[in-house]
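In what follows, a single structure is set out as structure tokens and then discussed.
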Amino acid sequence: MLIDTVAWVRIEGGRILCARPRGKDVFYIPGGKREGAETDRETLLREVGEELAVALDPESVAHVGTYEAGAPDLPEGTVVRMSCYTGDYRGTLTPSAEIDEMAWFSYADRPLVPPVDQLLFDDLKAAGSLS
């Protein structure tokens, strides 16, 4: 089984924005699953708006990588695909009704995110983007 997601990579001061959904104890890169025939960009704009109450600038959205990994809490053979994008935003980052908490993570926080997010952390660290 494939779980196809998109994620918003927002780095400031060598830290990446992560969010903890309501009722969960793990942090994720903000984003989510597409609805119907949505494109990656449409999914990203909708999910970031729903989760963090900001509007991404569609013209600034750029693909930075796609990662795949299993997850210990998912059935055997399940793979999470995460297509990652950067993009500028308007508004104030505010956790929404579906997000309990947001935080800025450094590479030292890597163990706190799922395996597919850890692959992104590794690439960002290697590129010198994550402290």
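The values are calculated or read from the model by the stated rules, or taken from the named source; none is laboratory data. Note that the structure is a prediction, hence the values are computed from the model and not measured. Reconstructed Cβ throughout: ideal geometry from the backbone, glycine too, with neighbour counts over all protein chains shown. The area values use the complete protein model at the heavy-atom level, side chains included, leaving out ligands, DNA and RNA. Shrake-Rupley method; radii C 1.70, N 1.55, O 1.52, S 1.80 Å.
Details
- Selection within the range 12-53 - surrounded by 15 or more Cβ atoms within 10 Å (Cβ to Cβ), touching a residue at least 40 places away in the same chain (Cβ under 8 Å) and of a type in the set (A, V, I, L, M, F, W, C): ILE16, LEU17, CYS18, ALA19, PHE27, ILE29, LEU44, VAL48, LEU52, ALA53
- Selection from the range 12-66 of residues that are acidic (Asp, Glu), closer than 18 Å to THR92 by Cβ and in a helix (DSSP H, G or I): GLU47, GLU50, GLU51
- Matching residues in the range 82-131 - criterion: being touching a residue at least 24 places away in the same chain (Cβ under 8 Å), of a type in the set (A, V, I, L, M, F, W, C) and either open to solvent by 50 Å² or more (accessible area, probe 1.4 Å) or part of a loop (DSSP other than H, G, I, E, B) (or both): LEU93, ALA97, MET102, TRP104, LEU112, VAL113, LEU119, LEU130
- Boolean, VAL79 is of a type in the set (A, V, I, L, M), over 21 Å from GLU50 (Cα atoms), open to solvent by less than 60 Å² (accessible area, probe 1.4 Å) and at pLDDT 95 or above: yes
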